[in-house]
Structure formats: structure tokens, C-alpha cells
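The values are calculated or read from the model by the stated rules, or taken from the named source; none is laboratory data. In this text the structure is predicted, and so the values were computed from the model without any measurement. With ideal geometry, Cβ positions are generated from the backbone for all residues, glycine too; neighbour counts draw on all protein chains shown. Keep in mind that these areas ignore ligands, DNA and RNA; they rest on the heavy atoms of the full protein, side chains included. Shrake-Rupley method; radii C 1.70, N 1.55, O 1.52, S 1.80 Å.
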Amino acid sequence: MSTAAKRESTENRLRQRLNRFDPFLAPQLILGGAIVLDFALPDRLTIRPSWLLPSLEALALLGLMSVSPHPRIRHSPVRRRVAIALIGLVSAVNAFSLVLLCHYLLHGGRAGGRELIVAGIVLWVTNVLLFALWFWQLDRGGPVARASNEEHYPDFLFVQMTERAAAPPDWEPGIIDYLYTSFTNATAFSPTDTMPLTAAAKVLMSAQALTALVTIGLVVARAVNILS
């Protein structure tokens, strides 16, 4: 077989792989879960009217999900930028609610304490979901770039990348791996078995750890204050 024929065969196999590759359903459901959690927050921790921003986010997500099955849209750089912008919007809303939560936990006295504790738990869970999506979008140029075997340096070092005997030869991290990384970082306030390699990954993991530490610290302090 000639070099040109081999190249064409390789490109055809890659195209078929991309056509079968639909990495977006689970992450879109995770983002949908984060948006639903926004509706669970009390009015004083949201931008009023409290239903407006989550509703707009949900509509944008539904629009993104409706066009994602089309192959030309699914693997378009524009689609990735829109998805990142939507994740950024939900993250900004979550950060705004966290700032308000900190204010009320520090200066709100005992009034509404239990409601604020529940809100803190909701924001912590949302934090885990959103940062999992950031990690998933960041690592090696994003999911499509990873599936295409594009040459990108990894942003995260997973155990399976160093202990090859623990995984198949063609192992690639999936959304569950990034969700687990996000969860352990938010509970340990530092990396555990997955290490950040690039500056962007270190900034993201540091921001998440700090956010989780502040949230849990203030919620626990308020809970102790109520119980005492």
C-alpha cells in the first residue's frame, strides 16, 4: 500500500472514530445538574429574579444539546467555545452566590442559619460538578483533541499514565476521571492521586481547593454556632 493510501486509510478510521465519538452527553447532564442546583438556592443568594439566570442557562444548554448530534457542529471549535462560555457563566453565578453566602454566614446572626447551611452544601456540590467540567475541557486541548490524538501536552497526570499495567494500552481519561479528580480536590483541598502539570491546571485546582475550604469552613462554623 502506498503512503498516500495509508494516510487516507488512517484518516478514514479517524473520521469514523470521531463520528462515533459523542463525549458530550454526560458532561451536558452534569452541567444541567449544576443549573438545577441553582434553583435550589434561596432568593437572597441569587441575582433576582432568582429564576431568570438559571432559566437562560438551561435554554442555552438545551440549544447546545440540540445541535451537538450534528457531526459538523459536534467537533466544531465554535461549539467548544460556546460550551466553555456557558460553563463560565454558570461558574460566575455560583461564585456570586458563594460571596453572598459568606456575607450572610459571617454577618447574618442565627436567622436562617439552617437554610444557609443547606445552601452551602448545594454550592459545594455545584463546585465539584463545575470544576470537573473545567478539567475535562482543559486537559490536552479538550475531548475532541484527545479523541483525535492531537499532539498536546497533558495538563493532568493520572495514575494510569505512569502505571501502564493498571490500564489498557489505549486508556484515555473520561468524564468520570475528571469528576473524581474534582471531588477529591474539593474534599482534601489539594491534589490526591491526579497531579496538575500545567500552570492552568494548577490555577484551577488551587481555585477549587480555596473555594471548597472557605465553603466548608464557614458552613461548619455556622453549624457549630447553631448547635451551641
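Values computed for the structure shown
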quantity	calculated
Sorted peptide list for 149-158, 211-220, criterion being average Cβ within 10 angstrom, highest first	211-220, 149-158
Per-residue SASA entry for Arg80, accessible area with 1.4 Å probe, Å² rounded to 10	80
In Å², nearest 10: area of Val128 left accessible to a 1.4 Å probe	10
Residues whose placed amide H lies under 5 Å from that of Leu157, excluding near-sequence neighbours	Met195, Leu197
Cα gyration tensor shape of the range 88-170, rounded if a/c is under 1.5, else prolate or oblate by comparing a/b with b/c	prolate
Relative contact order (percent, whole number), the range 169-217, Cα cutoff 8 Å, 6+ residue spacing	34
Phe39-Leu59 pseudo-label distance in nm [points 7 Å out on the Cα-to-Cβ vector]	1.5
